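Here's the structure we're looking at; comments come further down.
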Amino acid sequence: MKTPFKLPSAARVRRFAADNVVVLIFLFVTAIAVPSSKLSGTYIIQDLLTRYGRNAFLVFSLLLPIMAGMGINFGMVLGAMAGEIGLIFAVDQGIAGVQGLLYAVLVGAPIAILLGWIAGQVLNRARGREMVTGYILGFFMDGVYQFVVLYLMGAIIPITSKAITLSRGYGIRNTLGLDSVRQSLDKLLKLELGSFDLPMATYLVIALLAIFIVWFRRTKLGQDMRAIGQDQTVSHSAGIPVERTRIMAIVISTLLAMVGQIIFLQNMGNMATYNAHRQTGFFAAAAILVGGASVAKATIPNVLVGVGLLHLMYIVVPPAGARLFGSAQIGEYFRDAMSYAVIALALALHAWRKRANAESARAGLRGAASGAVAPAKMEGGAE
Amino acid sequence: MPDDTPLLSLEGITKDFYGTTVLRDVSFALRRGEILGLVGENGAGKTTLMRILFGMPVIAETGGFGGTVRIDGQPASFRNPFDALDAGIGMVHQEFSLIPGFTTTENIMLNREPSRRNVAVDLFGPRMATLDRPAMTARATKAIERLGVELHPDTLVSEMPVGHKQFTEIAREIDRDNVKLLVLDEPTAVLAESEAEILLASLRRLAAQGIAIIFISHRLHEVTAVADRVVVLRDGQLVKDTSAKGVEVREIAAWMVGREVDANARVRSDRKYGGPALEVEHLWVDMPGETVRDVSFTVREGEIFGIGGLAGQGKLGIPNGIMGLFAAGGTVRLHGKHVELDAPRAALDAGMAFVSEDRRGVGLLLDESLDWNIAFAAMQVKGAYLKRWLGGLFSLRDEKAMRALAEQYIELLEIKCTGHRQKAKELSGGNQQKVCLAKAFALEPNLLFVSEPTRGIDVGAKKLVLDNLRRYNRDEGTTIVMVSSELEELRAICDRVAIVDEGRIAGILPPEAPLADFGLLMAGERAAEASA
Amino acid sequence: MSGKEVSGAKAPRRLAPRRAVALAVVAAAYLGAGAWAMLTGKSHTILVDNKPVAGLEAFRLVEVTIGRQEPLELGRGERDKFAVQGQSHRVRIDLMNGSDPVTATLRLPYDAKMVLVSLPKLVAGIEPAWEPFETGQDAPPPVVDELPEELFGAAIDLPPPEAAGD
Amino acid sequence: MNKLKTAVTDFGWPRIIIFFFVVALFVAAPFVGVRVDGALSDVLARFGQNGILVLALVPMVQAGAGLNFGLPVGIIAGLLGGTLSMQFGWTGWVGFLGAVGVSLPFAVLFGWAYGLLLNKVKGEEMTIAMYVGFSMVTFFAILWLLLPYSSPNMVWGYSGSGLRTTITLDGYWTKILNNFLAVRIGRFFVFPTGLLAFFGAATGTMWLFLRSKTGTAMTAVGSNPDFARAGGVSSDRMRLVSVVVSTVFGAVGILVYQQSYGFIQLYQAPLYMAFPAVAAILLGGASVNKASMVNVLVGTFLFQAILTMTPNVINSVLQTDMSEVIRIVISNGMIIYALTRKTKVSK
């Protein structure tokens, strides 16, 4: 009966809070931790700026599968592995600088496409439980990756540099120094703004990706993904090739994750050959969910807000823990627990809301009697 | 439009599924700009006829069909619905097939979006073309204008009233440049009266633009109001093809349900009933597709009470609601005692049992054995078939007693199976139905709901099931409420038959009442003269 | 269907030749980018050597620059290194004796990881002024190989970890 | 012939291949100098050690709540029981049984809360369960540092507070079940009677539970929730019961695991503990919505046999340690196989 803007403000606040509870919890915790960390504003901002460049690209790779209704693509770690293989070859071939990164991307691309295609096929067979399947698929491929990198490289796949192989003659060392490409993208266009260093080239790449995603949403394929994300049956009966489109969403996501991992690692400057990808999916998922995305809807602002909030917490919580509890370790556990809990909470809220919506949609079918005996009586009498 | 060749002509269409003939020699023709009302009971063959017209794969998979479909005089055979769409035939289904988060425009243009090509198209294929939003809106607006309704092109479907969703669906079909024939399957089922009227006006508008329309509806007054011609199907045969001018609703109803004089109805004077067993007042049930809006009736002790009506009108919702399987409200009293709704356990504890129409979904544990299926409800509700150990500290399944029970019913109901350990999914439909009955009988109910007991089972099994119900009623004195789409069946075994229409009881008739009266009630015409 | 409408499900066949060209362009771009990255990104180590060689005297003091890198000063008998990318480099040698600096172009083969450039030869214009340099330096530093951490941690492994001491 | 074919497809090729792989490992063992009796002894010990954790998955699978990737919730309860029992200074049987006793109320409480959450998110249980488990483990990592444990055998020596990452059970209840009535045959073979008896008792309890009225109702809920509802059974309640039972078994399972292992591992250690258990039960022939005692026994045995035998045999054959890779690929491959199989509940 009431017009929307006459909605009591308390109710509006409640609704806003319910929609953004994940973000609010995060803001609350971080707001407490920032002052108690005693870190200088400059330090925090510089660290955040660096982390944006390092992580944002990876988080972007989650957008398309969410749009296509496949949830969070935990299978993105497959892309990360492809990127790492690309980097191994770039280092082995001694290709340095931005060219080395480009080379890694070019080597990684076909691998990522292949892995993405496999992941898409697998996920098409696991409808309704894409997320957990993608997660386990990451583990599975981790085994395959280890087989390839630890046993085949240097034995069957030619590796020329002895510096990166294990002393037994095959297999890549546990830690791979990326000196030849270290921060080559970050340093390409460095902008010094006051006391801050801005890796403009990295930002530019991320901006280009954001533009690509905006453009992609406007394409036919993007529209089809949105349609499939909302209703597979209707899309299918309208003639949209559902399975193919879902595979494409995963392939693109895997490709982007590949590039994202390369950007991430060039900033880090070295690579834990067998572990670097294991947490990739977790960080990206936590970031996008902290940014207010749900399993069914994610936007570019979600990514940008999420990366900022998550990493702000990662920066300030350990020192805050050290000050409050006398142990930085506590802070580290705390931020991990927070991130895990945020993923669980966001997923649970979504599943919960979906059921509530289904229920209220069903109630809508009730029509005239709409749940009350009284109106039904009236109508019955009128007849 | 004066044109000699009809737009669509069906010639001698015949179709059988595994030996059962569902369509026999159906022929009719349709001209441009003509509205044809297609009516018939459930199972009369309407759906199959439309499936043939649209080239649904299921038709080819089940052996194709006999006869010819001609479009503009040319024989047409569509391999799939998309071929039919290309040929200019559009279909609006009963359920909405709309994307909720898309706007009117996006839904109307779904998978037909006008787009602009760009470099990426050359590189990665046509799906990389960008959508031409202004063109989309323009085309959608044009389609909406053709319909002559008020629809904003940018409203989200999820925020629309039901009527607008229906218009969006129709707009989607008529947006095609070449649309010549539109099939609407019960388009007014979900609409309020005022919305339905707007829809009928739009249909007339479209017909005036030269589009032929097949209008399928059970609301016969709508058919007479909008159609130029009426075609009636009954048991797979075309029984009437006539101009709609001057046709009475009552006549159509009679054609639909069968001959006026019927010998089957039996007069039963020897039946005796006790006081009221089940009293239902203002029941509403929130069962998707079978919404019950406001239903009141009373069943007498020892009676077999029938509930009939067309599919989707809510007859199935009544037992499901009373048994607590779907959200429901109103008052239900069993032998004068109030029965809690929304609580299956309360209904069972009160002594009611239910044989669900959804045999495979609700009725059976398909992956479990017959003894489980038969004994489960009795075990949970009455604590039967359990063996206590350590002085009742804990109790385990009494597999022996379960087996005895299963074997007893296997014999009694002539369930064909390899033994009580066989899995329910391995039985035929008829035998599965018998297992469902056994499950209900094992509860020893004082009131038994039976929903669509003969759906999808063969003739022999049908008779057995019905005989068993009748015997159970006679020997145990159990009151039975039977819900069925088969009017014949209801009239054969019930003492009274209620007909449900649009979630309300349209009337209660004795089984020997004239068939046309039943037909009228089903068609939503509340017959004043019909009385219980 | 209007001409500009490109329907997703039914891609018109007539696009095929255009697409072939387009795919060829993509393939060429892929290979081109790869080739560019490999050629210009390949890193080489150039050792500059100021020692007498083949009858040529070493210089007393020289200042050497490759490309735009910081110049290096080398005394007699000294050796230093440049890390460069790509195969063709301009070397500028200032003999610090008032004479004009000598510039020379150095072309290296693609697979030469490390080369030794003799400054006297380069100044004297003797080709080639470089020779491949092989040492044991390429051998891995003496570290103990660690194997990757196990995925599931010790969760399913019997061998107990070292007892919990502090 | 046809019957054999359906049996094979029902069981699934991956399982058959793995089965023959295990057989081949045992056959090959003597040829590469691995003692079969020693290996078998190892396998038996691991079988008893891990069995109850695998068993804990059964109720939730049966109730249709999926594979319990949230097993760490129960494990945490077990860890609380174990550490508290040590803190109280209980040793030997008192210590072990005390640990079990102390952990039970925690397990019931955690399981109940966890079950309530899972009931709200039907259809997405597995992913959420996984992250609930993860956050529980990391949250408790904080508590291990903060809770006022003081026994010098457990806390860090230099600070005097905060539990160590690995706490030895020596002097408490190390191998108390393994050694109970253990029978030594020859030099290399030990039959861990007590351990296997305990596992057997746990399996028997689960078997009886599934045959009770509640267990029957639970199975029906998992098999067809609508059927169960029509039979007057509340599926939410049954699911809740199944989660609690699963959590309790998880708690007991980790205590049995640790007494055999000889150490309590805290902090991040329980993070991934659900995965091997899940892989084992699937390997035994369970699906996402059906599991039996036979699946547990067969699966645990096969899985532990692979874990024990591959390092020895494969290393000798290939001269390299590929067991880790084989383990990852087999266990996760098995889970993916189960997740991508068409669910066999016929509708």
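The values are calculated or read from the model by the stated rules, or taken from the named source; none is laboratory data. Keep in mind that what you see is a predicted model, and the values were worked out from it rather than measured. Neighbour counts are summed over all protein chains in view; Cβ atoms, including those assigned to glycine, are modelled from backbone coordinates with ideal geometry.
Please pick out the residue among D:Gly160, D:Gly171 that is in contact (Cβ under 8 Å) with a residue 60 or more places away in the chain and either within 30 Å of A:Leu349 (Cα to Cα) or assigned to a loop (DSSP other than H, G, I, E, B) (or both). Show your work before the answer.
Details: D:Gly160 fails: in contact (Cβ under 8 Å) with a residue 60 or more places away in the chain.
Answer to the selection: D:Gly171.
Does B:Ser451 qualify as being closer than 30 Å to B:Thr188 by Cβ and surrounded by fewer than 22 Cβ atoms within 10 Å (Cβ to Cβ)?
For B:Ser451, the condition - closer than 30 Å to B:Thr188 by Cβ and surrounded by fewer than 22 Cβ atoms within 10 Å (Cβ to Cβ) - is not met.
Check off (1) under 24 Å from B:Val435 (Cα atoms); (2) of a type outside the set (A, V, I, L, M, F, W, C); (3) in contact with a Phe, Trp or Tyr (Cβ under 8 Å, 6 or more places away or on another chain) for B:Gly329 and give me the number that stays unchecked.
Checking B:Gly329 against (1) under 24 Å from B:Val435 (Cα atoms); (2) of a type outside the set (A, V, I, L, M, F, W, C); (3) in contact with a Phe, Trp or Tyr (Cβ under 8 Å, 6 or more places away or on another chain), the one that fails is (1).
Of the conditions (1) of a type in the set (A, V, I, L, M); (2) farther than 26 Å from A:Phe140 by Cβ; (3) buried (at least 24 other Cβ atoms within 10 Å of the Cβ), A:Ile240 clears all except one; give me its number.
(3)
Based on this model, can you work out whether B:Val190 counts as in contact with a Phe, Trp or Tyr (Cβ under 7 Å, 6 or more places away or on another chain) and more than 14 Å from chain C (Cβ to nearest Cβ)?
Details: in contact with a Phe, Trp or Tyr (Cβ under 7 Å, 6 or more places away or on another chain): no; more than 14 Å from chain C (Cβ to nearest Cβ): yes.
It is false that B:Val190 is in contact with a Phe, Trp or Tyr (Cβ under 7 Å, 6 or more places away or on another chain) and more than 14 Å from chain C (Cβ to nearest Cβ).
Which members of segment B:78-128 meet the condition of being at the interface with chain C (Cβ under 10 Å from one of its Cβ atoms) and either at pLDDT 90 or above or within 39 Å of the chain's Cα centre (by Cα) (or both)?
B:Phe82, B:Asp86, B:Asn111, B:Arg112, B:Glu113, B:Pro114, B:Arg127
Taking the stated definitions as given, is D:Leu84 in a helix (DSSP H, G or I) and surrounded by 21 or more Cβ atoms within 10 Å (Cβ to Cβ)? Break it down into steps so the answer makes sense when it comes.
Numbers: in a helix (DSSP H, G or I): yes; surrounded by 21 or more Cβ atoms within 10 Å (Cβ to Cβ): no.
Criteria not met by D:Leu84.
Of the residues D:Trp173, D:Trp144, which is modelled with pLDDT under 90 and among the hydrophobic types (A, V, I, L, M, F, W, C)? Talk me through it step by step, then tell me what you get.
Details: D:Trp144 fails: modelled with pLDDT under 90.
Unique residue meeting the criteria: D:Trp173.
Kindly list the number of the only condition in (1) surrounded by fewer than 20 Cβ atoms within 10 Å (Cβ to Cβ); (2) over 21 Å from D:Ala269 (Cβ atoms); (3) among the polar types (S, T, N, Q) that fails for D:Asn153.
(2)
Of everything in segment B:191-242 that's among the acidic types (Asp, Glu) and assigned to a helix (DSSP H, G or I), which residue is surrounded by the most Cβ atoms within 10 Å (Cβ to Cβ)? Lay out the reasoning, then the answer.
The first filter runs over segment B:191-242 and keeps only residues among the acidic types (Asp, Glu), leaving B:193, B:195, B:197, B:222, B:228, B:235, B:241.
If we keep only those that are assigned to a helix (DSSP H, G or I) as well, we get B:193, B:195, B:197, B:222.
Working: B:Glu193: 9, B:Glu195: 18, B:Glu197: 15, B:Glu222: 23.
Taking the candidates together, the pick is B:Glu222.
Name the single residue, out of those in segment D:118-134 being surrounded by fewer than 21 Cβ atoms within 10 Å (Cβ to Cβ) and at the interface with chain A (Cβ under 9 Å from one of its Cβ atoms), that is farthest from D:Met238 (Cα to Cα).
Applying the first criterion (surrounded by fewer than 21 Cβ atoms within 10 Å (Cβ to Cβ)) to segment D:118-134 yields D:119-120, D:122-123.
Add one more test, that the residue is at the interface with chain A (Cβ under 9 Å from one of its Cβ atoms), and what stays is D:120, D:122-123.
Details: D:Lys120: 14, D:Lys122: 13, D:Gly123: 16 Å.
So the residue we want is D:Gly123.
How many residues are touching a Lys or Arg at 6+ places or on another chain (Cβ under 8 Å) and within 14 Å of chain A (Cβ to nearest Cβ) if we restrict to segment D:138-187?
The qualifying residues number 2.
Out of the strands (runs of 3 or more DSSP E) lying entirely within segment B:443-532, which hold 1 or more residues that are modelled with pLDDT of 85 or more and of a type in the set (D, E, K, R)?
Values: elements: B:447-451, B:479-483, B:496-501, B:504-509.
Strands (runs of 3 or more DSSP E) meeting the threshold: B:496-501, B:504-509.
Condition first: of a type in the set (Phe, Trp, Tyr) and buried (at least 18 other Cβ atoms within 10 Å of the Cβ). Now tell me which residues in segment A:149-192 satisfy that.
Within segment A:149-192, A:Tyr151 is the sole residue that qualifies.
I'd like to check something: does segment A:344-354 contain any residue that is at pLDDT 85 or above, in contact with a Phe, Trp or Tyr (Cβ under 6 Å, 6 or more places away or on another chain), buried (at least 18 other Cβ atoms within 10 Å of the Cβ) and in a helix (DSSP H, G or I)?
Within segment A:344-354, one or more residues are at pLDDT 85 or above, in contact with a Phe, Trp or Tyr (Cβ under 6 Å, 6 or more places away or on another chain), buried (at least 18 other Cβ atoms within 10 Å of the Cβ) and in a helix (DSSP H, G or I).
Within segment B:289-313, how many residues turn out to be surrounded by fewer than 19 Cβ atoms within 10 Å (Cβ to Cβ), touching a Ser or Thr at 6+ places or on another chain (Cβ under 7 Å) and either under 25 Å from B:Arg471 (Cα atoms) or within 10 Å of chain A (Cβ to nearest Cβ) (or both)?
Summing the residues that are surrounded by fewer than 19 Cβ atoms within 10 Å (Cβ to Cβ), touching a Ser or Thr at 6+ places or on another chain (Cβ under 7 Å) and either under 25 Å from B:Arg471 (Cα atoms) or within 10 Å of chain A (Cβ to nearest Cβ) (or both) in segment B:289-313 gives 1.
Yes or no: B:Val190 modelled with pLDDT under 90, closer than 23 Å to B:Glu290 by Cβ and among the hydrophobic types (A, V, I, L, M, F, W, C)?
Values: modelled with pLDDT under 90: yes; closer than 23 Å to B:Glu290 by Cβ: yes; among the hydrophobic types (A, V, I, L, M, F, W, C): yes.
So B:Val190 fits the description; yes.
From (1) in contact (Cβ under 8 Å) with a residue 60 or more places away in the chain; (2) more than 14 Å from chain C (Cβ to nearest Cβ), pick out the condition that doesn't hold for D:Val298.
(1)
Mind listing whichever residues of segment B:381-406 are surrounded by fewer than 14 Cβ atoms within 10 Å (Cβ to Cβ) and closer than 25 Å to B:Ala353 by Cα?
Taking segment B:381-406 first, the residues surrounded by fewer than 14 Cβ atoms within 10 Å (Cβ to Cβ) are B:383, B:387-393, B:400.
If the condition is that a residue be surrounded by fewer than 14 Cβ atoms within 10 Å (Cβ to Cβ) and closer than 25 Å to B:Ala353 by Cα, then B:Gly383, B:Lys387, B:Lys400 are the ones that fit.
Over 13 Å from the mean Cα position of the chain (by Cα), within 14 Å of chain A (Cβ to nearest Cβ) and assigned to a helix (DSSP H, G or I), is that true of D:Val317? Give the derivation first.
Details: over 13 Å from the mean Cα position of the chain (by Cα): yes; within 14 Å of chain A (Cβ to nearest Cβ): yes; assigned to a helix (DSSP H, G or I): yes.
Yes.
Going through segment D:205-219 one residue at a time, which ones are facing another protein chain (nearest Cβ under 7 Å), under 17 Å from B:Ala378 (Cβ atoms) and not basic (Lys, Arg)?
Initially, segment D:205-219 is screened for residues facing another protein chain (nearest Cβ under 7 Å), giving D:208, D:211-213, D:216-217.
Okay, now just the ones that are also under 17 Å from B:Ala378 (Cβ atoms), so D:211-213, D:216-217.
D:Ser212, D:Thr216, D:Ala217, listed by residue number.
Where in segment B:47-164 are there helices (runs of 4 or more DSSP H), lying fully within it, with 1 or more residues that are touching a strand residue (DSSP E or B) at 6+ places or on another chain (Cβ under 8 Å) and surrounded by fewer than 17 Cβ atoms within 10 Å (Cβ to Cβ)? Full working, then the answer.
Numbers: elements: B:57-61, B:81-86, B:104-108, B:119-124, B:133-147.
Hits in segment B:47-164: none.
Check whether at least one residue in segment B:352-364 is over 26 Å from B:Glu486 (Cα atoms) and crowded, with 16+ Cβ neighbours inside 10 Å, and report yes or no. Reasoning before the result, please.
Of all residues in segment B:352-364, those over 26 Å from B:Glu486 (Cα atoms) come to none.
Scanning segment B:352-364, I find no residue that is over 26 Å from B:Glu486 (Cα atoms) and crowded, with 16+ Cβ neighbours inside 10 Å, so the answer is no.
Among residues belonging to segment A:73-111 that are more than 25 Å from C:Thr40 (Cα to Cα) and of a type outside the set (S, T, N, Q), point out the one that is nearest to the other protein chains (Cβ to nearest Cβ).
Looking only at segment A:73-111, we keep the residues that are more than 25 Å from C:Thr40 (Cα to Cα), and these are A:73-81.
Still in the list and also of a type outside the set (S, T, N, Q): A:74-81.
Numbers: A:Phe74: 8, A:Gly75: 11, A:Met76: 15, A:Val77: 12, A:Leu78: 13, A:Gly79: 18, A:Ala80: 15, A:Met81: 13 Å.
The qualifying residue nearest to the other protein chains (Cβ to nearest Cβ) is A:Phe74.
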